[in-house]
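Participant: Dropping a structure here in structure tokens format, bear with me for questions.
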Amino acid sequence: MNMKWLEDWFEKIEPKSKWSWLGSTYEAFHTFAFTPKTVTKSGSHIRDAVDMKRSIIIVVIALMPALLFGMWNIGYQSGLNGVNGLDGVLPCWWFGFLRMLPMIAVSYIVGLFIEFAFAQYRHHEVNEGFLATGLLIPMIVPVTTPLWQLALAVAFAVIIGKEVFGGSGMNFLNPALVARAFLFFAYPTHMSGDKVWIANDLWGSDAIAGATPMGELATGAHPSASALDMLIGTIPGSTCETSVIAIALGAFLLLFTGIASWRIMLSVFLGGGAMGLLFNAIGANDYMQLPFYYHFLMGGFAFGAVFMATDPVTAAQTNCGKWIYGLLIGAFAVLLRVCNPAYPEGMMLSILFMNCMAPLIDHCVVARNIKRRAKRVATMGKEVNNG
């Protein structure tokens with residue numbers, strides 16, 4: 001398709017003279033439509049068609065299976081709990097779509113407004129990272145979250161979680177999880193309990209009791225849902241975190257395209273499985289006796305391992321560091337779940353904690369490599385002198 005007319009239009013509206021202060025906004029829309037013409041001026045570099053914009057778009061595409069299933073599950077769970085007219089795939093999905101649409105709109109409007117404002121003020125480029133973050137935030141909160149609370153959480157995540165550190169690429173905490181943590185500690189009654197997971201009407205002004213597997217475990221009961229139900233995702237829970245199958249489809253795309261680290265994904269599950277097996281061996285209570293693989297199916301474990309722990313900005317950067325980082329995330333998540341029944345979902349805090357530790361992990365790995373190489377060079381020097 002010939003897009004010359006669109007390029008000409010962008011050139012025509014390019015801000016000049018008194019409108020030059022809108023340069024960041026213009027550049028954001030221009031580079032979204034067309035590949036930037038800017039190139040590196042000095043130093044070694046590698047040319048690659050997969051720039052930041054395309055990487056973020058792949059992440060958004062990878063989120064689609066979980067998002068579409070989550071929309072259907074909103075209607076399905078509501079239909080099971082008495083909402084009339086939700087007895088088919090399309091009606092259930094449409095109900096969930098209409099329920100999710102305002103949440104996604106609020107997230108993008110608030111977040112992008114703040115992003116553009118900071119970019120204009122600093123005369124920086126608008127980073128594409130919020131295209132993924134703005135979708136992730138409504139996907140990891142209960143469908144009954146009031147829109148004004150969601151707006152506050154998004155604003156807090158963008159300003160406190162990212163912009164105060166210099167913007168995208170400078171933040172050390174995952175912004176989407178910062179938003180969830182803000183909601184959890186500021187409005188706990190809207191984020192936990194039996195009545196925050198299922199919309200009673202289209203706009204979620206009320207809720208119907210629908211205990212999640214994690215909530216049931218917190219009360220000392222074994223999950224009523226089967227492992228198959230949790231694998232498929234036909235259970236109450238945060239909007240788009242319930243289906244491990246849908247999440248796995250997104251994981252496949254991220255790994256196939258090389259956007260996410262397979263080391264981090266795999267090590268998160270290995271760390272969680274190892275900690276689960278350790279508790280199985282102890283078996284002091286029902287929670288410890290829970291099969292280790294149940295932890296992979298419940299709560300936000302799988303979603304966090306695939307989409308949150310692998311965030312390239314906040315994760316460890318060295319290959320060895322990625323293994324350590326992922327193993328500790330999985331282990332700490334299960335440890336928090338089992339040892340603190342008052343807070344059964346440990347994935348959020350585990351990832352945020354390891355976000356803080358990631359620079360230290362990389363520092364230790366690099367320092368160890370330097371020390372080992374220095375020792376090897378010294379040994380080789382002695383051998384040369386002796387020879």
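The values are calculated or read from the model by the stated rules, or taken from the named source; none is laboratory data. What you are looking at is a predicted structure, and each value in this text was computed from that prediction instead of being measured. When we count neighbours, we look across all protein chains shown, and the Cβ atoms used for this are built from the backbone with ideal geometry, even at glycine. Remember, those area values only see protein heavy atoms, side chains included, never the ligands or the DNA or RNA. Shrake-Rupley method; radii C 1.70, N 1.55, O 1.52, S 1.80 Å.
Participant: Filter region 333-349 down to the residues that are assigned to a helix (DSSP H, G or I), out of contact with any Pro (no Cβ under 7 Å at 6 or more places or on another chain) and touching a residue at least 40 places away in the same chain (Cβ under 8 Å) and list them by number.
Facilitator: Within region 333-349, ALA333, VAL334, LEU335, VAL338, MET347, MET348, LEU349 qualify.
Participant: Select, from THR379, THR310, the only residue that is under 26 Å from LEU173 (Cβ atoms) and β-branched (Val, Ile, Thr).
Facilitator: Within the list THR379, THR310, the selection yields THR310.
Participant: Considering region 346-387 alone, what residues qualify as being more than 30 Å from TYR287 (Cβ to Cβ), hydrophobic (A, V, I, L, M, F, W, C) and at pLDDT 90 or above?
Facilitator: LEU360, CYS364, VAL365, VAL366, ALA367, ILE370
Residues checked against (1) touching a Pro at 6+ places or on another chain (Cβ under 9 Å); (2) aliphatic (A, V, I, L, M); (3) assigned to a helix (DSSP H, G or I); (4) touching a residue at least 12 places away in the same chain (Cβ under 8 Å):
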position: PHE116; (1), (2), (3), (4): no, no, yes, yes
position: TYR121; (1), (2), (3), (4): no, no, yes, no
position: HIS124; (1), (2), (3), (4): no, no, no, yes
position: ALA132; (1), (2), (3), (4): no, yes, yes, yes
position: ILE137; (1), (2), (3), (4): yes, yes, yes, yes
position: ALA153; (1), (2), (3), (4): no, yes, yes, yes
position: GLY161; (1), (2), (3), (4): yes, no, no, yes
position: VAL164; (1), (2), (3), (4): no, yes, yes, no
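Participant: Just to check your reading of the model, which residue among ALA333, ALA358, ALA367 is small (Gly, Ala, Ser) and surrounded by fewer than 19 Cβ atoms within 10 Å (Cβ to Cβ)?
Facilitator: None of the others qualify; the one that does is ALA367.
Participant: Do the conditions hold for ASN127, that is, is it buried (at least 21 other Cβ atoms within 10 Å of the Cβ), closer than 19 Å to LYS53 by Cα and out of contact with any strand residue (DSSP E or B) (no Cβ under 8 Å at 6 or more places or on another chain)?
Facilitator: no
Participant: Within region 309-343, can you find the residues that are farther than 16 Å from PRO359 by Cβ and among the charged types (D, E, K, R)?
Facilitator: The answer is ARG337, and nothing else.
Participant: Hey, which of the helices (runs of 4 or more DSSP H) in region 232-325, taking only ones fully inside, have at least 2 residues that are open to solvent by less than 60 Å² (accessible area, probe 1.4 Å) and touching a Lys or Arg at 6+ places or on another chain (Cβ under 9 Å)?
Facilitator: Per the criteria, 262-282.
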